[in-house]
1. Go through (1) in a loop (DSSP other than H, G, I, E, B); (2) surrounded by 13 or more Cβ atoms within 10 Å (Cβ to Cβ) one by one and return the number of the condition residue 74 breaks.
2. Can you spot a residue in the range 19-41 that is over 23 Å from residue 102 (Cβ atoms), without any contact (Cβ under 8 Å) to a residue 12 or more places away in the chain and loosely packed, with under 13 Cβ neighbours inside 10 Å?
3. Looking at the range 84-117, which of its residues are under 16 Å from the mean Cα position of the chain (by Cα), at pLDDT below 95 and not acidic (Asp, Glu)?
4. Restricting attention to the range 59-66, does a residue exist that is of a type in the set (D, E, K, R) and touching a residue at least 24 places away in the same chain (Cβ under 8 Å)?
5. Tally the residues that are part of a loop (DSSP other than H, G, I, E, B), open to solvent by 50 Å² or more (accessible area, probe 1.4 Å) and either of a type in the set (S, T, N, Q) or more than 20 Å from residue 52 (Cα to Cα) (or both), restricting the search to the range 78-115.
6. For residues that are in a loop (DSSP other than H, G, I, E, B) and open to solvent by less than 50 Å² (accessible area, probe 1.4 Å), scanning just the range 9-18, find the one that is nearest to residue 102 (Cα to Cα).
7. Out of (1) touching a Gly at 6+ places or on another chain (Cβ under 8 Å); (2) part of a loop (DSSP other than H, G, I, E, B); (3) at pLDDT 95 or above; (4) not basic (Lys, Arg), what's the single condition that is false for residue 6?
8. Taking the residues in the range 42-53 that are out of contact with any Ser or Thr (no Cβ under 6 Å at 6 or more places or on another chain) and surrounded by 10 or more Cβ atoms within 10 Å (Cβ to Cβ) as candidates, determine which candidate is farthest from residue 86 (Cα to Cα).
Amino acid sequence: QVQLVESGGGLVQAGGSLRLSCAASGTIFSYNVMGWYRQAPGKQRELVAVMSSGGNTNLADSVKGRFTISRDNAKNTVSLQMNSLKPEDTAVYYCRYSGGYYHDDYWGLGAQVTVSS
């Protein structure tokens, strides 16, 4: 029902910046939540930053002040600007969409972010 296409990611040195983008297509409901989760090897997937179509945001404490989430409701896209990256930010970052009557989750394939020391 919903397809998510991620772009961005890559390799960057500590202190550098990267920008992730995600475009949603298919049956998009007027109210929805989109954002980013990440998963490092051997760890559970965790919330990074999400934003509703109404503008409400939720960021993990570990990224506050460094990451900024934004979205364009007209284009059904969401972006994550990541500044002052740390090695502990290294993970696969997954785009997420949640919407519809039962708020079903849809996930992108993931984008690798690697931060070197």
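The values are calculated or read from the model by the stated rules, or taken from the named source; none is laboratory data. Keep in mind that what you see is a predicted model, and the values were worked out from it rather than measured. FYI the Cβ positions are ideal-geometry reconstructions off the backbone, even for glycines, and counts take in every protein chain you see. Heads up: the accessible areas ignore ligands, DNA and RNA and are worked out on the full protein's heavy atoms, side chains in. Shrake-Rupley method; radii C 1.70, N 1.55, O 1.52, S 1.80 Å.
1. Checking residue 74 against (1) in a loop (DSSP other than H, G, I, E, B); (2) surrounded by 13 or more Cβ atoms within 10 Å (Cβ to Cβ), the one that fails is (2).
2. So far as the range 19-41 goes, yes, one or more of its residues are over 23 Å from residue 102 (Cβ atoms), without any contact (Cβ under 8 Å) to a residue 12 or more places away in the chain and loosely packed, with under 13 Cβ neighbours inside 10 Å.
3. The one that is under 16 Å from the mean Cα position of the chain (by Cα), at pLDDT below 95 and not acidic (Asp, Glu): 99.
4. The answer is no; no qualifying residue exists.
5. 4
6. Restricting to residues being in a loop (DSSP other than H, G, I, E, B) and open to solvent by less than 50 Å² (accessible area, probe 1.4 Å), the top hit is 9.
7. Looking at each condition in turn, residue 6 falls short on (2).
8. 53
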